[in-house]
Number of protein chains: 4
Amino acid sequence: MARLGHGLIGSGFMGRSHALAFRSVAGVFDVELTPELELLADVNQSTAEAAAESFGYKRATGDWRALVADPAVDVVSITAPTGLHLEMARAVIEAGKTVYCEKPLASQLGDCEALTREAEAAGVKTLVGFNYLKNPITALARDIIRSGEIGEVVSFRGIHAEDYMVDPEAPYTWRHDPNGGGVTADLGSHIISMARFLIGDIETVNANLRTLYPDRPVAPGSAERRPVIIDDQAEMLVTFAGGATGSLTASWVATGRKMQLACEIAGTKGSLAFNQERLNELRLYKAGQEPGREGFTTVLAGPDHANYAGFCPAPGHQLGFNDMKVIEVKALLEALAADRDPSPGFREATEIQRVVESAYRSSRDRQWVTVGGVTG
Amino acid sequence: MARLGHGLIGSGFMGRSHALAFRSVAGVFDVELTPELELLADVNQSTAEAAAESFGYKRATGDWRALVADPAVDVVSITAPTGLHLEMARAVIEAGKTVYCEKPLASQLGDCEALTREAEAAGVKTLVGFNYLKNPITALARDIIRSGEIGEVVSFRGIHAEDYMVDPEAPYTWRHDPNGGGVTADLGSHIISMARFLIGDIETVNANLRTLYPDRPVAPGSAERRPVIIDDQAEMLVTFAGGATGSLTASWVATGRKMQLACEIAGTKGSLAFNQERLNELRLYKAGQEPGREGFTTVLAGPDHANYAGFCPAPGHQLGFNDMKVIEVKALLEALAADRDPSPGFREATEIQRVVESAYRSSRDRQWVTVGGVTG
Amino acid sequence: MARLGHGLIGSGFMGRSHALAFRSVAGVFDVELTPELELLADVNQSTAEAAAESFGYKRATGDWRALVADPAVDVVSITAPTGLHLEMARAVIEAGKTVYCEKPLASQLGDCEALTREAEAAGVKTLVGFNYLKNPITALARDIIRSGEIGEVVSFRGIHAEDYMVDPEAPYTWRHDPNGGGVTADLGSHIISMARFLIGDIETVNANLRTLYPDRPVAPGSAERRPVIIDDQAEMLVTFAGGATGSLTASWVATGRKMQLACEIAGTKGSLAFNQERLNELRLYKAGQEPGREGFTTVLAGPDHANYAGFCPAPGHQLGFNDMKVIEVKALLEALAADRDPSPGFREATEIQRVVESAYRSSRDRQWVTVGGVTG
Amino acid sequence: MARLGHGLIGSGFMGRSHALAFRSVAGVFDVELTPELELLADVNQSTAEAAAESFGYKRATGDWRALVADPAVDVVSITAPTGLHLEMARAVIEAGKTVYCEKPLASQLGDCEALTREAEAAGVKTLVGFNYLKNPITALARDIIRSGEIGEVVSFRGIHAEDYMVDPEAPYTWRHDPNGGGVTADLGSHIISMARFLIGDIETVNANLRTLYPDRPVAPGSAERRPVIIDDQAEMLVTFAGGATGSLTASWVATGRKMQLACEIAGTKGSLAFNQERLNELRLYKAGQEPGREGFTTVLAGPDHANYAGFCPAPGHQLGFNDMKVIEVKALLEALAADRDPSPGFREATEIQRVVESAYRSSRDRQWVTVGGVTG
């Protein structure tokens, strides 16, 4: 079995999630490529060494460029703050290696487009970490839609709401930075990615974005406050190229919501409903059920669904958040082994960002915006 | 105890619901006015007589004008098709009697405004049958919001979706008539009324309305088809005068949905969620719960909530659809006994219709529309 | 249409529920017999008159025997305390009239048996108010079981839990009386009636009954306490004549439970689950669903189910607690019109009481008890 | 950081789950002991080698005794068929190493008792894989009960139901062997372990066990059938030493159920409800909530709960089945580092098996059985 050298940049929450997935994947799935946890980079040598020890990487470095250049590293995971993605991804592309970047790819659409062009020109494989798309239940939803089981899709009603910014005393962070911050980019991109994954291209957007709190403390407990201009709450109307319409909501000020990444899809012959807070369940309605017996069926994830059986041979036993990442890494390994492009790659991440940017533009100009497409 | 003569125009589904409520109300609640089921009018004498016999009315007539003029009739329920509301309501107003009209009051905003002016000028009391607002759980939601228990309202995400028009072979009816038809008027008005009841005035609207099927059979099974131009599916962004924002969806082509009149309300200190398919439940989240014990609480309707105890002294025993109508009639009787205006009256129904009309305008012009207010 | 004179004994909660149902039934259903609310009896003339006025009865009396004897009264509802049922029911039987008694029929099995014999000997029609059996969803569950849709029934797991006695300071009432009191008789009879309705005869019982609080205040706030020996909590194993087995729980000390009358039924080809707190829903699983799409379907009550359409022509609109009583009265009227025995009558109520008594005996003797059958 | 050599016997479903957990644990938690995946044993060398390669073990062997004897192995996981547990566990004890055995420890109570005595005499640490007890939500439930938040526990109503044996053509396996097979041992032990974990010692049992299908094919599709005498369905009444009572159900013929490991716990001041099919949720009711706002609160697992934060810093993001095993291994490592006994060890597993055996005895003798305790 061929080995694949993994280099990890960043050891925060998502860094650990990448590390865990690369560690676990070969135990969960039969993969042709076996990852070796080669090298971990963080802001300095000692931080990197501690993380490497904890996560199981062979070596550590305080210099991410050294990691990119390391001959034992074949795939580079970028889990550093978003503002660094552009520079790092570009370096990996230039090194001709596979780049696996956390979402969002970059905060500016132009940067996403540039990275896409450069990666494609270089023939480098890319993957962006929209891991909720890897849920077997999400794959099931897509299968059901694609196969026509619920007929033609009429509408998509989606939301990603959490409440981690509802406290007005939560301090100003990079998430509040006008350059790329805001809930539409942060959480909105998840429900946009799901809408695209399940339904297809979003053609037009009409958005209403709001800043709930006009300033925040510069640090926890600080009396000094800094103005906030990015969005805390976003509502959008969308139309899809395939003819469906819908609405999307993104909020990080939705008191009580912890992981409400949810959607309802109505088709001419059936409907679906999903909520990430119960990620192992899909509610499915199909027209034509026996009269008096019809209703929404709660399908529990099981080995009949993509990738579930790797974790457990019995249905209903429940996958968790980190398992989605394992499936994402497995998909990456499969694509590399087969010399295919992983998905979603930089091109798809760019399309997602294009919708985000269109929402900002629409809200600013108070009008419908045509999303448009990748410019060559 | 004083008697109140009831006259009922129409004996279809809503007519029966009115009749049942007037029959039951004095057994459920201690009311100062006891309704007498005096007179029932329908399209002809024999239809009216059969219904009067079944519903328990003393007399019947094929002439609704005779009913309006009948000296024993103090309150007139109008449950005839919407197209007749204007003429009938006007006649009741002219007769100086209380008018209790099913929703929508009229299909044209101008007619609603005229009726409101005329009723107010005549000092006549009015009530429009938005009976979902009478649910004790809906009243609880309003109490919670008004009292500030969930802080300042940030967002309202509402929907009313059913599926009774999803079959493209469902024939053309008055609901498809360009003059007043469409799902925004039919179901949208319910979620708009709930949004206004709970949150307050809607200031601006941005709507996207669609016709799913461009024609329908003129009759069941007919090969002849008639063009349809009204809306089957509607999505709207709204802003409230109080500062909240939100989205509203109305659909009668949502396969599998039977009574999804639902909303999620997020405030700065708490949240609510409600679905009419479980009309006895309110999901409530309040900030500041004990760490590790916090979550949404499912409150079951019970005698602590408005009007529940009339039906049952024990909590959790469940009210049904028709019970909402009984509460509506009770509210009417109380208002009359106290010489107060019932609610929602013609003025509020006009405001609801103004939002509906604004949605049509917004969708047609592809832009935000300011709803405006009652013109004196 | 023939008239049927109704006499109501008792005007408490269940009395009002009977009154409401007799008032409403002819408006909800097309019935051949139309009830007239003739006479209401309560403990004295003034109480009876107030209730008659409120409920809409023509006349009132402080003497229930006068009501039984009244020539205008054809059917007598007995909603007085259980201890009076025997004497009252016997009087109605002797008068040759239809007797409609609230549950439990009597607190002693021997009394139930005697009443059954006497009623049958007299050819008098009887009905006992186990109104939860009248839920359209319960009827649906029975249809599904009887038709073999879920195969052979393997197990029944039932519970009726509420919390109205969980406060040790809740005072001693007739419900705590050793002669007939206890949760097994009060709530246990409901889940037993449902088990028999859905599955069939219970053959053997093994019960564990407990008294949680050995004494209670003689009155609210009183320092004087009275010993309690009846059961607050009951668990039972049961076997059914048809071969199924199961467990039943009854509790009135289940903190937080308001109307948990619930059951799960597993068959060789499917399963059902029901909870009265969501009385309009049946969860149904059928073997042989398409792989990857299988699960429990939540069926919402609708016009395809027995008696629903009388209340509402549209599915999912929800029935309530009092609607079950209306269906019960409708079933009574239909039986009388067709000269059939209503169900459940005294014989069935006796069988339910026999299971209750068997549970008491089993718990006392710490052993399995064979329930046995009606002794001629 | 000290290293701990892991030896794994068996590479089936549970073997893989152990391997994954030992691989992942140091990445999830800060542990003082870091596992090394040293040696994997299976039925022969080639099977072992393939599994070792896949799971990441350094070496492989076809001889489990060699694994036990290997000097680099400090902890031995036994995931071989139950019939082999006794011999293997005994060998590990004799080697003075830590033994981590899958449930059930052994099929005969006497064997469990012997192993417990031997392990304790040898001073060897033991752990048995009742991994559902490691769920942060289960730990929360125990904290709530222990702290008195729901008062004194009144009742426990538990079930573990699945449907993997409902097909009468599912072939005879070791699970049907009279020596140790049956659903009470297989699934019943899970709900018994949970009852003991949450409530405490079970004092008496009254059980009804049934064989649904008296024979099964000797192999898939075979016409030859073998008699089955073990139990497919079990219902039990139980009493707890602390005074609570309850009922337990175990079934592997519950059509449609995939992982219904569920319980409802009522206390004098609150209640809990849990279902493993939604393992990240605990439903909690506490007496004394504000009137009109009371109900069951759905608590989502989050970093306030034990061990959750290792997997994810954000609440509501969901743990999965395999994550429970990671927590189990973490608990083992912690105990070893602190020189404490892990839990549940052989002694607790013996107590669980004692309840299982008492159920068998009770059902055979048709009477209540006192469970008794460990004999020194």
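Among the residues of the stretch B:246-268, the one identified as surrounded by fewer than 23 Cβ atoms within 10 Å (Cβ to Cβ) and more than 14 Å from chain C (Cβ to nearest Cβ) is B:T268. Every condition in (1) within 30 Å of D:P315 (Cβ to Cβ); (2) open to solvent by less than 10 Å² (accessible area, probe 1.4 Å) is met by D:I192 except one, and the failing one is (1). State which residue pairs qualify: first residue on the phi > 0 side of the Ramachandran plot and inside the stretch C:177-188, second residue open to solvent by 30 Å² or more (accessible area, probe 1.4 Å) in any location, beta carbons under 6 Å apart, and separation of 6 or more residues or different chains. Cβ pairs passing all conditions: C:G180/C:S107. D:N179 - would you say it is of a type in the set (S, T, N, Q) and out of contact with any strand residue (DSSP E or B) (no Cβ under 9 Å at 6 or more places or on another chain)? For D:N179, the condition - of a type in the set (S, T, N, Q) and out of contact with any strand residue (DSSP E or B) (no Cβ under 9 Å at 6 or more places or on another chain) - is met.
Answer yes or no as to whether D:F296 is out of contact with any Phe, Trp or Tyr (no Cβ under 6 Å at 6 or more places or on another chain), at pLDDT 95 or above and among the aromatic types (F, W, Y). No. From the list C:G267, C:G292, C:G256, C:G316, the lone residue that is in contact with a helix residue (DSSP H, G or I) (Cβ under 8 Å, 6 or more places away or on another chain) and either within 24 Å of C:G188 (Cα to Cα) or hydroxyl-bearing (S, T, Y) (or both) is C:G267. Checking D:L284, D:L279 one by one, the residue that is facing another protein chain (nearest Cβ under 7 Å) and out of contact with any strand residue (DSSP E or B) (no Cβ under 7 Å at 6 or more places or on another chain) is D:L279 and no other.
So which residues in the stretch D:330-350 are part of a helix (DSSP H, G or I) and open to solvent by less than 60 Å² (accessible area, probe 1.4 Å)?
The answer is D:K330, D:A331, D:L332, D:L333, D:A335, D:L336, D:A337, D:A338, D:F346, D:E348, D:A349, D:T350.
Selection of the stretch C:22-53 for residues being out of contact with any strand residue (DSSP E or B) (no Cβ under 9 Å at 6 or more places or on another chain) and small (G, A, S) yields C:S24, C:G27. Answer yes if at least one residue in the stretch B:351-373 is more than 30 Å from C:L261 (Cβ to Cβ) and modelled with pLDDT under 95, and no otherwise. The answer is yes; a qualifying residue exists. For the stretch B:1-22, a residue qualifies if it is within 10 Å of chain C (Cβ to nearest Cβ) and either at positive phi or open to solvent by 40 Å² or more (accessible area, probe 1.4 Å) (or both), and the qualifying residues are B:M1, B:G12, B:F13, B:R16. Whether any residue in the stretch C:169-180 is surrounded by 23 or more Cβ atoms within 10 Å (Cβ to Cβ) and either within 13 Å of chain D (Cβ to nearest Cβ) or touching a helix residue (DSSP H, G or I) at 6+ places or on another chain (Cβ under 9 Å) (or both) is what I want to check. No, the stretch C:169-180 has no match at all. Within the stretch A:127-139, identify whether any single residue is under 26 Å from A:E87 (Cβ atoms) and of a type in the set (V, I, T), and answer yes or no. Yes: one or more hits. Within the stretch B:23-37, being within 18 Å of B:R59 (Cβ to Cβ) and more than 9 Å from chain C (Cβ to nearest Cβ) holds for B:P35, B:E36, B:L37. Residues of the stretch D:275-289 that are within 18 Å of the chain's Cα centre (by Cα), open to solvent by 20 Å² or more (accessible area, probe 1.4 Å) and of a type outside the set (D, E, K, R): D:N275 alone. Does A:E203 satisfy the criteria of being within 14 Å of chain D (Cβ to nearest Cβ), in contact (Cβ under 8 Å) with a residue 40 or more places away in the chain and either under 24 Å from the mean Cα position of the chain (by Cα) or within 30 Å of A:H317 (Cβ to Cβ) (or both)? For A:E203, the condition - within 14 Å of chain D (Cβ to nearest Cβ), in contact (Cβ under 8 Å) with a residue 40 or more places away in the chain and either under 24 Å from the mean Cα position of the chain (by Cα) or within 30 Å of A:H317 (Cβ to Cβ) (or both) - is not met.
Can you report the number of residues in the stretch D:148-166 which are more than 9 Å from chain C (Cβ to nearest Cβ) and either more than 14 Å from D:T268 (Cβ to Cβ) or not in a loop (DSSP other than H, G, I, E, B) (or both)? Residues flagged as more than 9 Å from chain C (Cβ to nearest Cβ) and either more than 14 Å from D:T268 (Cβ to Cβ) or not in a loop (DSSP other than H, G, I, E, B) (or both) within the stretch D:148-166 amount to 7. Among the conditions (1) among the aliphatic types (A, V, I, L, M); (2) away from chain A (no Cβ under 12 Å); (3) buried (at least 22 other Cβ atoms within 10 Å of the Cβ), the only one that D:A301 does not satisfy is (2).
Scanning the stretch C:116-133 for residues that are in a loop (DSSP other than H, G, I, E, B) and open to solvent by 10 Å² or more (accessible area, probe 1.4 Å) yields C:G123, C:V124, C:K125. Put simply, of B:A331, B:A301, B:A338 the only residue that is at pLDDT 95 or above, within 18 Å of the chain's Cα centre (by Cα) and of a type outside the set (S, T, N, Q) is B:A331. In this entry, D:F311 is excluded by the filter for residues that are more than 11 Å from chain A (Cβ to nearest Cβ) and open to solvent by less than 10 Å² (accessible area, probe 1.4 Å).
Filtering B:Q45, B:Q108 for residues that are touching a residue at least 60 places away in the same chain (Cβ under 8 Å) and more than 14 Å from chain C (Cβ to nearest Cβ) leaves a single hit, B:Q108. The condition of being within 30 Å of A:I327 (Cα to Cα) and among the polar types (S, T, N, Q) holds for only one of D:Q289, D:Q276, D:Q367, that being D:Q276. When restricted to residues that are closer than 20 Å to D:S17 by Cβ, in contact with a helix residue (DSSP H, G or I) (Cβ under 8 Å, 6 or more places away or on another chain) and surrounded by fewer than 20 Cβ atoms within 10 Å (Cβ to Cβ), the stretch D:38-73 contains 2. Scoring B:P136 on the criteria (1) open to solvent by less than 20 Å² (accessible area, probe 1.4 Å); (2) over 30 Å from B:P315 (Cβ atoms); (3) touching a helix residue (DSSP H, G or I) at 6+ places or on another chain (Cβ under 9 Å) leaves a single failure, condition (2). Entry remark, the stretch D:213-245: residues being touching a Ser or Thr at 6+ places or on another chain (Cβ under 8 Å) and either outside the structural domain of D:D186 (by TED's automatic domain parsing) or open to solvent by 30 Å² or more (accessible area, probe 1.4 Å) (or both) number 1 in total.
The values are calculated or read from the model by the stated rules, or taken from the named source; none is laboratory data. On a predicted model such as this, the values are computed, not experimentally measured, just so you know. Note that each Cβ is placed from the backbone with ideal geometry, even for glycine, and that neighbours are counted across all protein chains shown. To get the accessible areas, we keep the full protein, side chains included, count just its heavy atoms, and leave off ligands, DNA and RNA. Shrake-Rupley method; radii C 1.70, N 1.55, O 1.52, S 1.80 Å.
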